[in-house]
Amino acid sequence: MKTLQIELPPEVSKEEARLLLAIKLYELGRLSLGQSAKLAGYSERAFIELLGKYGVPVVAYSSEELREEVEGRKNLLLLTAHVSKGIIYQRLRLKLRGDYNAVSVSGS
C-alpha cells in the first residue's frame with residue numbers, strides 16, 4: 001500500500017479524511033467495498049451504512065443492467081405464478097375426481 005501525507009485543516013480530522021477518501025475511491029470504482037472499508041478503518045457492514053449516510057449507492061447498475069435485472073425478476077415471478085397455478089389446478093382436479101393419492105406433488 002502506498003503512503004500519502006497531506007496537511008489537513010484543523011476542522012478535518014485524519015479519520016474523516018480517510019473515510020471521505022475511501023468513499024470517493026469506492027464511488028469511482030477504484031477500490032472494492034472491502035478495500036474501501038479497510039482503508040477507512042471500518043467493517044464492511046459499517047462502511048455500507050456510511051455509504052448510505054453519504055448518499056453513495058452500494059450497487060450501481062447502469063440503466064441497461066437495471067432493465068435486465070427487472071425483466072429477469074418479472075419473468076421469474078410470472079413463471080412461479082404459472083407453476084403455482086398449475087399445481088393448484090391439478091390438486092383441485094384430483095379432489096373433484098376423489099382421487100386424492102393419484103399424484104404426489106412436491107411441497108405438499
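Taken together, the values in this text are just the output of simple stated rules run on the coordinates, not laboratory data. Everything numeric here is computed off the predicted structure, so don't read it as measured data. Heads up, the Cβs are rebuilt from the backbone with ideal geometry, glycines too, and the neighbour counts pull from every protein chain shown.
Take the residues in the stretch 13-39 that are more than 22 Å from the chain's Cα centre (by Cα) and loosely packed, with under 12 Cβ neighbours inside 10 Å, then tell me which one is nearest to K53 (Cα to Cα). Step by step, filter the stretch 13-39, then rank; the result is E15.
Within the stretch 57-71, residues that are touching a residue at least 24 places away in the same chain (Cβ under 8 Å) reach no partner that is loosely packed, with under 10 Cβ neighbours inside 10 Å with beta carbons closer than 7 Å at six or more positions or on different chains. Considering (1) closer than 24 Å to K2 by Cα; (2) surrounded by fewer than 16 Cβ atoms within 10 Å (Cβ to Cβ); (3) hydrophobic (A, V, I, L, M, F, W, C), the lone condition that V59 does not fulfil carries the number (1).
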